[in-house]
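No lab work stands behind these numbers, since they all come straight from the coordinates. None of these values were measured; they are calculated from a predicted model. Ideal geometry is used to build each Cβ from the backbone, glycine not excepted, and the neighbour counts take in all protein chains shown.
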Amino acid sequence: MSHSATSVSRFWFPFSLVLFEFAVYISNDMIMPGMPLVTREFGASADMTTLALTAAMLGNASLQWLLGPLADRFGRRRVLLSGLAMFVVACLAMHYVQTMPQFIVLRFLQGMGCCFVLTVGYPTVHEAFEEKTAVRVMALMANVSLLSPLFGPLAGAAVVSYWPWRSIFWLIAIVAVFSFIGLYRTMPEMSRHDRTALNARQLWAGYKLPLSSARFWRGAVLTGLAITPLLTWIALGPVFLIERAGLSQMQYASLQVPVFAALILGNVLLARQVGRWSNGRLLATGVAAMLIGAAVSLVGTAILAPGYPALLVGTSLHAFGMGMCYGVVYRQSLFAVDSPNRATVAGMLSMITIVVAVAVIETMKMAYLHFGDAALGIGAMTAAALVAVLAANFVPPPAQDALAQPAR
């Protein structure tokens, strides 16, 4: 089944793709309030809680390098639908898990769904529609990724208050099945079937260019460090808020609202000021907010017990700063090298960013379990300080920066 670009539905194809993206992101956020129930059922220690997120994140990074060439070889439509089917099966299989390792493996497989959305779905949108329509669709999809952390914890907390935690994955699977039906009926096939797309020499040539660039590495590590305080809050939140501070699932979920509202506010301000402020000013403002937030976390966790109120304020400030400058850092990193295949660069950037973030999160987990809340404050300050060092002079002056103005 194929479609020409002129016959592609401007509503049903993007809506079906948004449903897939929503299902992937919400699977991370809905299960977090239920993680204490999961670890208790399987007799696992609290330090396994973070693996629900880090396993999914590693899944996010696992296939980016391969999906582009696979889609060029076998067609984007076939590859995306295969990934969506795998995601549905991984959600339904949660009903039968009996051990924590089985749970973690399925979370990894569910995380792979993000690879299919980013590497296969996004390019299809840009090819299927003219520029203005594509930009509107991408803006909608960006809002979905921002809103799911607000809606997900509250929805997850409500579900586990009345039903078993496995019900979360049944609900997500239902959403994903509707997405599959919609994409099967409406997704166009825009890519050619290139028999040379999986040639090992061509693959390596595409990866070698960004990997040999010091500026690209600097941007990738900077991006990974910038997101770690927020992801540490998400990954360890069930431990220090529910298990140790004794909050309920709904109280835990409500504390996610100010953090992600601050992130959305930062993104809104970025959208308003881009083109008015230079990229350097946007980055400096965002980094300043991150440093202030880290200082609040550091001082607050040192003098307060429990330290989560200080972490709430500090992480919210950090999230605001991240929203202000993340888009700038990502774009500068993406265009750090002049590559003919920007999708390959994006895939490598995503992989390195996630690996850096996972390594820091797991380090923070071990420090927290040994030293308590103060370790989270120290970790936030360390990450923010490294971000500030890497961000210094990362964005060239406007006169030299061809990317200072937003793409139109």
Using only the alpha carbons of region 74-158, determine the length spanned along each of the three principal axes and report them from longest to shortest in whole angstroms. 48, 36, 14
On the first, second and third principal axes, largest extent first, how far apart are the outermost C-alpha atoms of the chain in Å? 60, 56, 38
Just want the ordering: LYS208, LYS365, from fewest to most Cβ atoms lying within 10 Å of their own Cβ. LYS208, LYS365
Taking a cut-off of 17 Å, what percent of all Cα-Cα pairs in region 309-350 are separated by more than that? 47
With the dipole of the chain defined by +1 on each Lys or Arg Cβ and -1 on each Asp or Glu Cβ, the option from LEU147, VAL89, VAL337 whose Cα lies farthest towards the positive pole is VAL337
Find the relative contact order for region 206-394 and round it to a whole percent, using C-alpha pairs within less than 8 Å whose residues are 6+ positions apart. 39
Region 259-370: equivalent-ellipsoid semi-axes (sqrt of 5 x gyration tensor eigenvalues, Cα, Å): 29, 20, 10
Using Cα pairs under 8 angstrom and six or more residues apart, how large is the relative contact order of region 11-189, in percent? 44
Just need log10 I(q)/I(0) for region 206-394 at q = 0.13, 0.17 Å⁻¹, Debye formula, equal scatterers on the alpha-carbon atoms, no solvent, rounded to two decimals. -0.67, -1.05
Taking the chain and dividing mean pair separation by its residue count, relative contact order in percent (alpha carbons under 8 Å, at least six apart): 24
Can you give the Rg to Rh ratio for region 305-378, taking only C-alpha atoms and Rh from Kirkwood? 1.12
Ranking of MET32, MET351, MET290 by count of other Cβ atoms within 10 Å, fewest first: MET351, MET32, MET290
Need one number: convex hull volume per residue for region 11-189, Cα atoms only, in Å³. 102
Farthest positive-ward along region 206-394 dipole, Cα basis, beta-carbon charges - from SER248, ALA391, ALA367: ALA391
Among SER212, GLY300, THR232, flag the residue with its Cα farthest along the positive direction of the charge dipole of the chain, charges on Cβ as +1 for Lys/Arg and -1 for Asp/Glu. SER212
